[in-house]
Amino acid sequence: MAVTAVYPGSFDPVTVGHMDLIRRAAGLFDRLVVAVLVNSEKKSPLFSFDERVIMLQDACKNIPNVSVERFEGLLVDFVRSKKDAVIIRGLRELMDFDMELQMAQVNRIASGVSGEGIETLFLPTDPKYSHISSSVVREYARYHVPLKEFVPENVLEAMKEKGIVK
Ligand code: PNS
């Protein structure tokens, strides 16, 4: 049976840490769907939703079993639309764990009866990326700090084009 994994997130913007996780998850599953949340509640996004999707598609173009899709509403509804899929989330540090555990438990309960809900699997972030997050990138970008080590090349280019960094 081919197993699909769904890696959901806001990806504003995709970081090198996300990319590491995407590559590793792509090696573990038959198919990986990177799912970008359409209606993020974040007030001031750095990139529009369409820009985020395009940057992710470009960054993932050489990984054959990865596709980028958008989702709206509840994650479990999106995952249910993929047959027998599991959710993948990265854990960077202990602080992530509380929220991620709660989200995994809620998603499992919300999606299943008698404990047969959608499962979430956690992948530990490579320590060399554990300090990197989209929110750190957004914060630094507002002060025009160069972000070469934080984001894939195409995202850096997009930031330059928008005049966010030099
Ligand atoms: O990259 P992020 O912002 O940490 O990703 C969070 C995301 C998109 C995975 C999460 O907010 C989500 O799944 N949102 C969709 C709405 C939903 O299903 N909420 C219930 C989870 S408790």
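Would the range 137-158 turn up any residue that is of a type in the set (Gly, Ala, Ser), closer than 25 Å to Leu74 by Cα and open to solvent by less than 100 Å² (accessible area, probe 1.4 Å)?
There is no residue in the range 137-158 that is of a type in the set (Gly, Ala, Ser), closer than 25 Å to Leu74 by Cα and open to solvent by less than 100 Å² (accessible area, probe 1.4 Å).
Mind counting the residues in the range 105-122 that are touching a helix residue (DSSP H, G or I) at 6+ places or on another chain (Cβ under 6 Å) and open to solvent by less than 30 Å² (accessible area, probe 1.4 Å)?
The first filter runs over the range 105-122 and keeps only residues touching a helix residue (DSSP H, G or I) at 6+ places or on another chain (Cβ under 6 Å), leaving 107, 110-111, 117-118, 120.
Subset that is open to solvent by less than 30 Å² (accessible area, probe 1.4 Å): 107, 111, 117-118, 120.
Going through the range 105-122 one residue at a time, the tally reaches 5.
What number of residues within the range 51-83 are among the charged types (D, E, K, R) and either closer than 19 Å to Gly27 by Cβ or open to solvent by less than 20 Å² (accessible area, probe 1.4 Å) (or both)? Can you show your working first?
Filtering the range 51-83 down to residues among the charged types (D, E, K, R) leaves 51-52, 58, 61, 69-70, 72, 77, 80, 82-83.
Pick out the ones that are also either closer than 19 Å to Gly27 by Cβ or open to solvent by less than 20 Å² (accessible area, probe 1.4 Å) (or both) and you get 52, 61, 82.
Matching residues across the range 51-83 total 3.
How many residues does the range 82-117 hold that are modelled with pLDDT under 95, of a type in the set (A, V, I, L, M, F, W, C) and either under 21 Å from Ala2 (Cα atoms) or assigned to a loop (DSSP other than H, G, I, E, B) (or both)?
The total comes to 1.
Filtering the range 103-144 down to residues that are more than 11 Å from the ligand (Cβ to nearest atom), in contact (Cβ under 8 Å) with a residue 24 or more places away in the chain and among the aliphatic types (A, V, I, L, M), which residue is farthest from Ile164 (Cα to Cα)?
Filtering first and then ranking leaves Leu121.
Name the residues in the range 17-63 that are among the β-branched types (Val, Ile, Thr), away from the ligand (no atom under 15 Å from the Cβ) and under 26 Å from Pro127 (Cα atoms), would you?
Matches in the range 17-63: Ile63 only.
The values are calculated or read from the model by the stated rules, or taken from the named source; none is laboratory data. Note that the structure is a prediction, hence the values are computed from the model and not measured. Cβ: placed from backbone, ideal geometry, glycine included. Neighbour counts: every protein chain shown. We work out accessible area using only protein heavy atoms, side chains counted, and drop any ligands, DNA or RNA first. Shrake-Rupley method; radii C 1.70, N 1.55, O 1.52, S 1.80 Å.
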